[in-house]
């Protein structure tokens, strides 16, 4: 039997609430924002368009798109204390604080209106999962399972996820960056005294990692291009004791296999 969200919250008057289905805004994914900074996340609930008054009611029941279209991470209940021309003054309520970042809710996507009245959706909000601890980003699930968009890797690096850092800073290897916009690939490698963690950190800082072809794109399109289009995976990983020439040879092997020099972003 489904457990409805209304059994967890003592909300008496639904007509005092609107839902905020937080979605990708063209620049940031709300889940990344939530993990990165709770202050920044509060700002997402404080932002107001000069043309539209989204939060016309006293309270905001806030939810964050969680990987899938029909899954949402509970982000708190905010009271709208004041309305300004380009912002709201909001305050996080105590009600439900223990579920912030822990409660995953199942609900169909709202469509074009991502701030509907709570009473239109409340009985459709189903408890999907409750974590032991607030969500803090993806857990490292193995070298073979790395297949992550740039913005996810960026959040992992900026929050210095310990499990990812411990895994990636202790291996050399060959990696792949795919441009989802055009399908072009770039094969790179990390060797010497710096592991994959250090090498990928350069991409997070610059968007291009100082690779000639990628640099041209980022210089032309901006850092946001990397966030929207680049995806990382690990083709091979080896012990830090592995001779550097082995890594260099394997990098060349994958360039030949994937034809990333002829059709992708590798020049050599």
With the condition being out of contact with any strand residue (DSSP E or B) (no Cβ under 7 Å at 6 or more places or on another chain), I'd like the strands (runs of 3 or more DSSP E) fully within the stretch 41-146 carrying at least 2 qualifying residues.
68-83
Over the stretch 202-216, the set of residues touching a helix residue (DSSP H, G or I) at 6+ places or on another chain (Cβ under 6 Å) and closer than 20 Å to residue 268 by Cβ is 208, 209
Hey, can you tell me all the residues within the stretch 212-257 that are surrounded by 12 or more Cβ atoms within 10 Å (Cβ to Cβ), more than 24 Å from the chain's Cα centre (by Cα) and not in a helix (DSSP H, G or I)?
236, 237, 238, 240, 242
Quick one: residue 195 ticks every box in (1) crowded, with 20+ Cβ neighbours inside 10 Å; (2) touching a helix residue (DSSP H, G or I) at 6+ places or on another chain (Cβ under 7 Å); (3) at pLDDT 95 or above; (4) not assigned by TED's automatic domain parsing to the domain that holds residue 41 except a single one, so which number is it?
(3)
Tally the residues that are over 19 Å from residue 119 (Cβ atoms) and in contact (Cβ under 8 Å) with a residue 40 or more places away in the chain, restricting the search to the stretch 3-29.
7
Could you tell me which residue of the stretch 222-232 is nearest to residue 254 (Cα to Cα), considering only residues that are at pLDDT 95 or above and touching a helix residue (DSSP H, G or I) at 6+ places or on another chain (Cβ under 9 Å)?
232
What pairs can you find where one residue is in the stretch 53-80 and at positive phi, the other is modelled with pLDDT of 95 or more and assigned to a loop (DSSP other than H, G, I, E, B), and their Cβ atoms are less than 7 Å apart, with a gap of 6+ or different chains?
76/96; 76/100
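The values are calculated or read from the model by the stated rules, or taken from the named source; none is laboratory data. Please read these numbers as outputs of a predicted model, since none were measured by experiment. Using ideal geometry, Cβ is built from the backbone for each residue, glycine included, and neighbour counts are taken over all protein chains shown.
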